[in-house]
Each structure stands twice: as C-alpha cells, then as structure tokens.
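Chemist: I'd like to ask some things about the structure below.
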Amino acid sequence: MINYNNKTFRPVSNTENGETSEATVFLYKQEGNIITSNYSGGKIYSGHLIGLVDDNGVIRMSYHQINDRYELMTGICTSTPEILSNGKIRLHEVWQWTSGDESKGQSIIEEQ
C-alpha cells in the first residue's frame, strides 16, 4: 500500500470547471487506510478532504472548500496513483461537484 502520510501535492492540470491551480497546496495525512488533507491557495481560501485508500493506493474521497467568492463548494473524487521515475506520486483524479452545477472534471496532482 502507498503511504501518503506527510506528503505535499500540487496540481499540474485541471479542467476549466475546477478551482485548484498550481498555487494550491495539499498536505496529506494518513492513518491506516484513512486519508485527510488540508489545502489552500489560488482560488481556495480553505479546503479539507477525507477519504479511504485501498491496497492499490486508490483514494475515494469527499471534499469541501471555501473559494475566493466565499462559496462553500463540495464534491467527491477518485484518485488513482502513478509512481513516477523519480519515485514521487502522481494522482490522476476524476471528480464531481456535489454543489453548484454538479459538473464533472479531471485533474492531476503531483507530489512535491
């Protein structure tokens, strides 16, 4: 199992309906198969996610965040890991807003 504890990630790509950017920083914590992260930066003042990681390192999570328009946004996401040649983790994310327009998107974040 991949251990995400104390790893920092930044987005490298996102679909247009997403709110994260290269300025957003995620700090992951893991206890057993429970994942949490606090994140902020760019259009996001404050965000938090919580989820479960399986034996293959796939994370299924829910998230909520306050954006720069002072809106509370919520969503769900599945993140699938890829181990890069330098040993760092890249997460391929498929997500959907559960607030607002409930649209779907994809993003990629990489370990820093």
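The values are calculated or read from the model by the stated rules, or taken from the named source; none is laboratory data. Quantities reported herein were computed from a predicted structural model and do not represent experimental measurements. Methodologically, a virtual Cβ is constructed for each residue, glycine included, from the backbone with ideal geometry; neighbour enumeration extends over all protein chains shown.
Chemist: Which of the following residues is under 20 Å from Gln112 (Cα atoms) and loosely packed, with under 12 Cβ neighbours inside 10 Å: Asn38, Asn14, Asn56, Asn6? Outline the logic, then answer.
Modeler: On the way: Asn38 fails: loosely packed, with under 12 Cβ neighbours inside 10 Å; Asn14 fails: loosely packed, with under 12 Cβ neighbours inside 10 Å; Asn56 fails: under 20 Å from Gln112 (Cα atoms).
Testing whether each residue is under 20 Å from Gln112 (Cα atoms) and loosely packed, with under 12 Cβ neighbours inside 10 Å leaves just Asn6.
Chemist: Right, next: Quick check on this structure: which one of Gly105, Gly75, Gly87 is out of contact with any helix residue (DSSP H, G or I) (no Cβ under 6 Å at 6 or more places or on another chain) and in contact (Cβ under 8 Å) with a residue 40 or more places away in the chain? Break it down into steps so the answer makes sense when it comes.
Modeler: On the way: Gly75 fails: in contact (Cβ under 8 Å) with a residue 40 or more places away in the chain; Gly87 fails: in contact (Cβ under 8 Å) with a residue 40 or more places away in the chain.
Only one candidate qualifies: Gly105.
Chemist: Please enumerate the residues belonging to segment 1-36 that are closer than 16 Å to Arg90 by Cα and of a type in the set (S, T, N, Q).
Modeler: Selection gives Asn3, Asn5, Asn6, Thr8, Ser13, Asn14, Thr20, Ser21, Thr24.
Chemist: Now a separate question. Do any residues in segment 37-58 that are at pLDDT 95 or above have Cβ atoms under 7 Å from those of residues that are acidic (Asp, Glu), where the two are at least six apart or on different chains, and which pairs are they?
Modeler: Lys43/Glu19; Lys43/Asp68; Ile44/Glu19; Tyr45/Asp68
Chemist: Which residue, of Ser79, Ser62, is small (Gly, Ala, Ser), closer than 17 Å to Asn14 by Cβ and within 10 Å of the chain's Cα centre (by Cα)? Step through it out loud before you land on a result.
Modeler: Details: Ser62 fails: closer than 17 Å to Asn14 by Cβ.
The match here is Ser79.
Chemist: Answer yes or no: is there a residue in segment 91-107 that is charged (D, E, K, R), closer than 18 Å to Thr15 by Cβ, in contact with an Asp or Glu (Cβ under 7 Å, 6 or more places away or on another chain) and surrounded by 13 or more Cβ atoms within 10 Å (Cβ to Cβ).
Modeler: First pass over segment 91-107, keeping only residues charged (D, E, K, R): 93, 101-102, 104.
Add one more test, that the residue is closer than 18 Å to Thr15 by Cβ, and what stays is 93, 101-102, 104.
Those still in the list that are in contact with an Asp or Glu (Cβ under 7 Å, 6 or more places away or on another chain) too: none.
Looking through segment 91-107, none of the residues is charged (D, E, K, R), closer than 18 Å to Thr15 by Cβ, in contact with an Asp or Glu (Cβ under 7 Å, 6 or more places away or on another chain) and surrounded by 13 or more Cβ atoms within 10 Å (Cβ to Cβ).
Chemist: Any residue at all in segment 25-41 that's of a type in the set (D, E, K, R), touching an Asp or Glu at 6+ places or on another chain (Cβ under 8 Å) and farther than 17 Å from Ser99 by Cα?
Modeler: Just the residues of segment 25-41 that are of a type in the set (D, E, K, R), to begin with: 29, 31.
If we keep only those that are touching an Asp or Glu at 6+ places or on another chain (Cβ under 8 Å) as well, we get none.
Among the residues of segment 25-41, not one is of a type in the set (D, E, K, R), touching an Asp or Glu at 6+ places or on another chain (Cβ under 8 Å) and farther than 17 Å from Ser99 by Cα, which makes the answer no.
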